[in-house]
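Everything below concerns the one structure shown next.
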Amino acid sequence: MASTLKKTGTDFDGKGKIHKIRITLTSRNVKAVEKVCTDLIRGAEKKRLKVKGPVRMPTKTLRLIVRKSPCGEGTNTWDNYEMRIHKRLIDLHSPSDVVRSITSINIDPGVEVEVTIAE
């Protein structure tokens, strides 16, 4: 039987207070971020949690333009370097102990996970 919420914000099962939890994922690799997103959402749906997301934030592009010549002599030739940072947001409504079990998945290297709990 599915658990329903009281007006006090606690579960009938006695699992604790329901929190709004925001998970922020950032990485330079799009495929790694999307893989972690799908794993988190799949785990949350198995626990029957309320999930919103993934919200795709605008990609930050960091550009660096440098001279090729180390001494400054010769023709003015330039190198352009660019790093793209991709960001995803996932919102969950659940007790904080359940989130620990969801976020214990295998996270790819290079993906940063930030968990913020709002009451």
Report task. Working only within the stretch 14-30, note down all residues that are surrounded by fewer than 16 Cβ atoms within 10 Å (Cβ to Cβ), in a strand (DSSP E or B) and not basic (K, R). Result -> T24
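Would the stretch 28-49 turn up any residue that is touching a His at 6+ places or on another chain (Cβ under 6 Å) and not β-branched (V, I, T)? Before you say what the answer is, go through the steps one by one.
Let us first name the residues in the stretch 28-49 that are touching a His at 6+ places or on another chain (Cβ under 6 Å), namely 30, 33.
Now narrow it down to the ones that are not β-branched (V, I, T): none.
Scanning the stretch 28-49 turns up no residue that is touching a His at 6+ places or on another chain (Cβ under 6 Å) and not β-branched (V, I, T).
Quick grid of which residues meet (1) open to solvent by less than 100 Å² (accessible area, probe 1.4 Å); (2) touching a strand residue (DSSP E or B) at 6+ places or on another chain (Cβ under 8 Å); (3) under 30 Å from K46 (Cα atoms):
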position: M57; (1), (2), (3): yes, yes, yes
position: I65; (1), (2), (3): no, yes, no
position: P70; (1), (2), (3): no, no, no
position: W78; (1), (2), (3): no, yes, no
position: E82; (1), (2), (3): yes, yes, no
position: H93; (1), (2), (3): yes, yes, yes
position: S96; (1), (2), (3): yes, yes, yes
position: S101; (1), (2), (3): yes, no, yes
**Report entry** Subset of the stretch 88-119 that is β-branched (V, I, T) and not in a loop (DSSP other than H, G, I, E, B) - its residue that is modelled with the lowest pLDDT
**Finding:** V99
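Filter the stretch 31-64 for residues that are in a helix (DSSP H, G or I) and within 20 Å of P109 (Cβ to Cβ) and give the result. Walk me through how you get there before you give the answer.
As a first pass, look at the stretch 31-64 and keep what is in a helix (DSSP H, G or I): 31-46.
Residues satisfying the conditions are K31, A32, V33, E34, K35, V36, C37, T38, D39, L40, G43.
The values are calculated or read from the model by the stated rules, or taken from the named source; none is laboratory data. Given the structure is predicted, the values throughout are model-derived calculations rather than measurements. Quick reminder, even Gly has a Cβ in these numbers, built from the backbone with ideal geometry, and neighbours come from all protein chains shown. Keep in mind that these areas ignore ligands, DNA and RNA; they rest on the heavy atoms of the full protein, side chains included. Shrake-Rupley method; radii C 1.70, N 1.55, O 1.52, S 1.80 Å.
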